[in-house]
1. Please determine whether any residue of the stretch 50-58 is in a helix (DSSP H, G or I), of a type outside the set (Gly, Ala, Ser) and at pLDDT 95 or above.
2. Would the stretch 27-36 turn up any residue that is part of a helix (DSSP H, G or I) and either at pLDDT 90 or above or hydroxyl-bearing (Ser, Thr, Tyr) (or both)?
3. Just to be sure, is ARG116 surrounded by 10 or more Cβ atoms within 10 Å (Cβ to Cβ) and either outside any helix (DSSP H, G or I) or charged (D, E, K, R) (or both)?
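The values are calculated or read from the model by the stated rules, or taken from the named source; none is laboratory data. Here the structure is a predicted model, which is why all the values come from computation and not from measurement. Cβ placement follows ideal geometry from the backbone for every residue including glycine, while neighbour counts extend to all protein chains displayed.
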Amino acid sequence: MPRRVRKKTPLFAPAGSLIRKLSETDKRLRRKILKISLWGLAVLFFSSIAFGTYSIPRIIRLSFQKSSLIETNRMLTADLIDAARVRDLLTSDASYIEYIARTRYYMVHPNEIIYRYRGR
């Protein structure tokens, strides 16, 4: 009587446990599957670092935006302090009001003579 040879089922057959099938197969196939899965995980990890939500280019871009916003905030704060100083001068200092009226609006006192030189 001829000897019966047990026919091996394919690895990804629909029936049966994949873990049991992997434990019954040879070491070379298991190593290959492990290497492929590790390479896949490495590709996913590096692609998430390069293109994901917390990617390195996005972090660098956000850092540049943060520094520009800090600089803008510093300039606006200086402008605000200067505007508050000018407001206080306009409410309390009569000589500053006269200076603004003469330089910015070219106002003069009554009966005041103004001499203009040609070179100026």
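1. no
2. yes
3. No; evaluated as a whole, the condition is false for this residue.
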